[in-house]
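Note sheet for the following structure.
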Amino acid sequence: MGVSQELLDILACPKCKGDIHLNESKNGLICDNCKLLYEIKDDIPIMLIDEAKPIEE
Amino acid sequence: MKALVTGAAGFIGSHLCEYLIEKGCEVVGIDSFTDYYPRSIKESNIAGLKDCGGFEFVEASLIEASLAKLLEGVEAVFHQSAQAGVRASWGESFKIYTDNNILATQMLLEACKDRPIKKFVYASSSSVYGDTTDLPMRETSLPAPVSPYGVSKLAAEHLCRLYFKNFSVPTVSLRYFTVYGARQRPDMAFHRFFRWALEGKPIEVYGDGKQSRDFTHVSDIVEANWLAFEKASSGEVFNIGGGSRITLNEVIEIIKEMTGVNFEVRYKDVQKGDVRHTSADMTKAKEVLGYDPKISVEEGLRREYEWIKDFMRR
Ligand SMILES: NC(=O)c1ccc[n+]([C@@H]2O[C@H](COP(=O)([O-])OP(=O)(O)OC[C@H]3O[C@@H](n4cnc5c(N)ncnc54)[C@H](O)[C@@H]3O)[C@@H](O)[C@H]2O)c1
């Protein structure tokens, strides 16, 4: 099924509340501001600060 | 109509999402998968929903989520998320209750201010009444909870009323009386009784088993949420019970008959926070909402039994 555009439109970074976007492999959402990756597992975006992965530059 | 359901992967929330989808609503579900009981159970609660058109799900906590965005276009909020459990609410774990039951509710209400929301239905609890001998429990009785959980549920109910009075958020609180049925939480009595019976283990009961509850089937609870959305006046509180009160010992007899297992019953000490009896006065819910519970305890237990047999095979 994948994460729908409708859902992406209503999600934001839980940390800074800023915009997020899909990563290239479409298995995570990236907040450029906080440099965090929120994973998508079994089509569920996991928007929890504790679970987010820092992105290496 | 677009609805936001909090606690969507929980016992009641998942049933409510299915009902709303069935009604043709668009549903956004949010749940943080708290570790009160295993994540795998909650995942299986929403497994059927994930393939439904019109259902979106996000794993997030109300405390940190960007609620403003999640609420875009939402007309109905069904606030079912909470840290449940009366007995676990003492001591250090109380913070989990203040965070998920009080703070989370306040943040959701705050986010609902100045939005075109038609109704905000809050899942309150009969535990707000405490251990009263003045039965049935009426909405006008003075609430005096006997567990920290009950205190947290009552605090959130007050917040709902405040946000209606001060900011016109159209809140309604439904005081659920012990809910059961398919997907019942694994810490709840019927779920444990059935599981123990099927595992050939003795059944453990807190107290003498003569305590009684106004058990309410989950399908009646879900229906009450819809009626509250459609008909309730804002700022009000309603008792939502199952329509009859029965003792745990009577339930155990029904379970014996249903399962055909002649298990041993072990009575243990009463747990702090448990009340002796609950019984809902439903005059108001009947008159204002037209609420009329349909599922008898026998029928509801049969449905839970069918589910639990399947659940244990997984
Ligand atoms: N089951 C009953 O007998 C009963 C009786 C009275 C009231 N209630 C109320 O009904 C509601 C649903 O209860 P239930 O039995 O389905 O419990 P449940 O534990 O199965 O469901 C609650 C869900 O809320 C989620 N949650 C908790 N904190 C959250 C947060 N901060 N953000 C997002 N999600 C969060 C949990 O992960 C869980 O999946 C609760 O508000 C409860 O207090 C239940």
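Scanning for something farther than 18 Å from B:Ala8 by Cα and more than 10 Å from the ligand (Cβ to nearest atom), does region B:119-128 turn up at least one residue?
no
Mind telling me which of the residues A:Glu51, A:Glu39, A:Glu56 ends up being more than 9 Å from chain B (Cβ to nearest Cβ) and more than 18 Å from B:Lys50 (Cβ to Cβ)?
A:Glu56
Have a look at B:Glu253, B:Glu204 and point out the one that is surrounded by fewer than 15 Cβ atoms within 10 Å (Cβ to Cβ), farther than 30 Å from B:Lys119 by Cβ, free of Cβ contacts under 8 Å to residues at least 40 places away in the same chain and more than 16 Å from the ligand (Cβ to nearest atom).
Just one listed residue meets the conditions, B:Glu253.
Residue-by-condition table, conditions (1) open to solvent by 20 Å² or more (accessible area, probe 1.4 Å); (2) within 24 Å of B:Ala47 (Cβ to Cβ); (3) touching a helix residue (DSSP H, G or I) at 6+ places or on another chain (Cβ under 9 Å):
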site	(1), (2), (3)
A:Gly2	yes, yes, no
A:Leu8	yes, yes, no
A:Ile20	yes, no, yes
A:Pro45	no, yes, yes
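Looking at region B:7-43 only, could you name the residues that are more than 8 Å from the ligand (Cβ to nearest atom), within 11 Å of another protein chain (Cβ to nearest Cβ) and assigned to a strand (DSSP E or B)?
B:Glu26, B:Val28, B:Gly29
What's the number of the condition B:Ser81 fails, among (1) of a type in the set (Ser, Thr, Tyr); (2) touching a Leu at 6+ places or on another chain (Cβ under 9 Å); (3) free of Cβ contacts under 8 Å to residues at least 60 places away in the same chain?
Failing condition for B:Ser81: (3).
Out of the residues in region B:64-85 meeting the condition of being near the ligand (Cβ under 9 Å from one of its atoms) and within 9 Å of chain A (Cβ to nearest Cβ), tell me which one is least open to solvent (accessible area, probe 1.4 Å).
B:Ala65
Inspect all residues belonging to region B:175-194 and state whether any of them is in a strand (DSSP E or B), within 10 Å of the ligand (Cβ to nearest atom) and either surrounded by fewer than 23 Cβ atoms within 10 Å (Cβ to Cβ) or not aromatic (Phe, Trp, Tyr) (or both).
Of all residues in region B:175-194, those in a strand (DSSP E or B) come to B:175-176, B:179-180.
Filter once more, keeping what is within 10 Å of the ligand (Cβ to nearest atom): B:175-176, B:179-180.
Now narrow it down to the ones that are either surrounded by fewer than 23 Cβ atoms within 10 Å (Cβ to Cβ) or not aromatic (Phe, Trp, Tyr) (or both): B:175, B:179.
Scanning region B:175-194, I find at least one residue that is in a strand (DSSP E or B), within 10 Å of the ligand (Cβ to nearest atom) and either surrounded by fewer than 23 Cβ atoms within 10 Å (Cβ to Cβ) or not aromatic (Phe, Trp, Tyr) (or both), so the answer is yes.
Just to be sure, is B:Lys42 touching a residue at least 24 places away in the same chain (Cβ under 8 Å) and not acidic (Asp, Glu)?
yes
Which of the residues belonging to region B:29-40 are surrounded by fewer than 20 Cβ atoms within 10 Å (Cβ to Cβ) and in contact with a Phe, Trp or Tyr (Cβ under 8 Å, 6 or more places away or on another chain)?
Residue satisfying the conditions is B:Arg39 alone.
When the residues of region B:44-63 are filtered to those that are open to solvent by less than 50 Å² (accessible area, probe 1.4 Å) and within 8 Å of another protein chain (Cβ to nearest Cβ), which remaining residue is farthest from B:Ile96 (Cα to Cα)?
B:Lys50
The values are calculated or read from the model by the stated rules, or taken from the named source; none is laboratory data. As the structure is a computational prediction, the values presented were derived from the model and not from experiment. Neighbour counts are summed over all protein chains in view; Cβ atoms, including those assigned to glycine, are modelled from backbone coordinates with ideal geometry. Remember, those area values only see protein heavy atoms, side chains included, never the ligands or the DNA or RNA. Shrake-Rupley method; radii C 1.70, N 1.55, O 1.52, S 1.80 Å.
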